[in-house]
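See below for the structure under consideration.
The values are calculated or read from the model by the stated rules, or taken from the named source; none is laboratory data. As the structure is a prediction and not an experimental result, all values here were calculated from the model. Glycine also receives a Cβ, built like all others from the backbone with ideal geometry; neighbour counts cover every protein chain displayed.
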Amino acid sequence: MLLHLEKILTPDELRSARALLGPHAPWTAGRSSAGGQAAGRKNNDQLAQDSEPARQLQAIVLAAVQRDPLFFSAALPRKTFNPLFNRYSGTSNHYGAHIDNAVMHSRNPAQWVRTDLSCTLFLSEPNEYEGGELVIQLPQGERRIKAAAGDLVLYPGSTLHQVTPVTRGARLASFFWIESMVASSEQRQLLFEMDMALLKLRERGEDDPAVVQLTGTYHNLLRMWAQT
Ligand code: NI
């Protein structure tokens, strides 16, 4: 499943995030944080994750995802990796095809996170750069994504993906991973579909006992499958 959440950041949050990611931000070589196989393919800049701008940016991104009910329903987050920030521009401009490490160590808070879901939060508008597509190989086929600044894309951590070379301008983004309460992507997808169908029924003002029963069934399935 690939989920595109539009305008997850408010215009004010986007402005603050962009200001914190200016040319004087503490950028470092991105390959230092990649796993063995991925390191040779990674050529971008990454914000020093223990820096003050990174801490402020992490708070902005975490607040945005934590208030979004669709994000919660799709991801059912148990642990969230501290958001990281990258820049593709100049000669540090791409990240070749790779699969992310299955388990990664997040620093804030210090914890191991199983990467069930990958998130990319776009912080540059598509017209600010050439290239820089997020290309994801899904079972249904390849998806090429260049979303608006402030939009978030959620996709399975198990997928082969890449960022194509940026040939003009700069592409800024945040990226991070979610360990879900429901490890199985099939079970998570069924729950998400059911939750969305129930949402539509409730929006229509249905208060039929069958809706109450189905809502209970959703929670009983979640109780059966969730690990907290
Ligand atoms: Ni990756």
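What to note about this one:
- Strands (runs of 3 or more DSSP E) (entirely within the range 87-188) containing at least 1 residues that are within 15 Å of the ligand (Cβ to nearest atom): 94-98, 103-107, 110-114, 117-122, 134-138, 141-145, 152-156, 161-163, 171-180
- Checklist (1) touching a residue at least 40 places away in the same chain (Cβ under 8 Å); (2) closer than 19 Å to Leu117 by Cα; (3) touching a helix residue (DSSP H, G or I) at 6+ places or on another chain (Cβ under 9 Å) applied to Tyr155, failing item: (3)
- Listed here are the helices (runs of 4 or more DSSP H) enclosed by the range 1-75 that have at least 3 residues being assigned by TED's automatic domain parsing to the domain that holds Ala102 and at pLDDT below 90: 36-39.
- Qualifying positions in the range 189-211 - surrounded by 12 or more Cβ atoms within 10 Å (Cβ to Cβ), over 25 Å from Gly157 (Cβ atoms) and acidic (Asp, Glu): Glu206
- Residue pairs whose Cβ atoms lie under 9 Å apart, separated by 6 or more positions or on different chains, with the first residue in the range 44-59 and exposed (fewer than 14 other Cβ atoms within 10 Å of the Cβ) and the second among the basic types (Lys, Arg), are Asp50/Arg107.
- Restricting the range 162-188 to residues that are more than 13 Å from the chain's Cα centre (by Cα) and under 23 Å from Phe72 (Cβ atoms), the residue that is surrounded by the most Cβ atoms within 10 Å (Cβ to Cβ): Arg188
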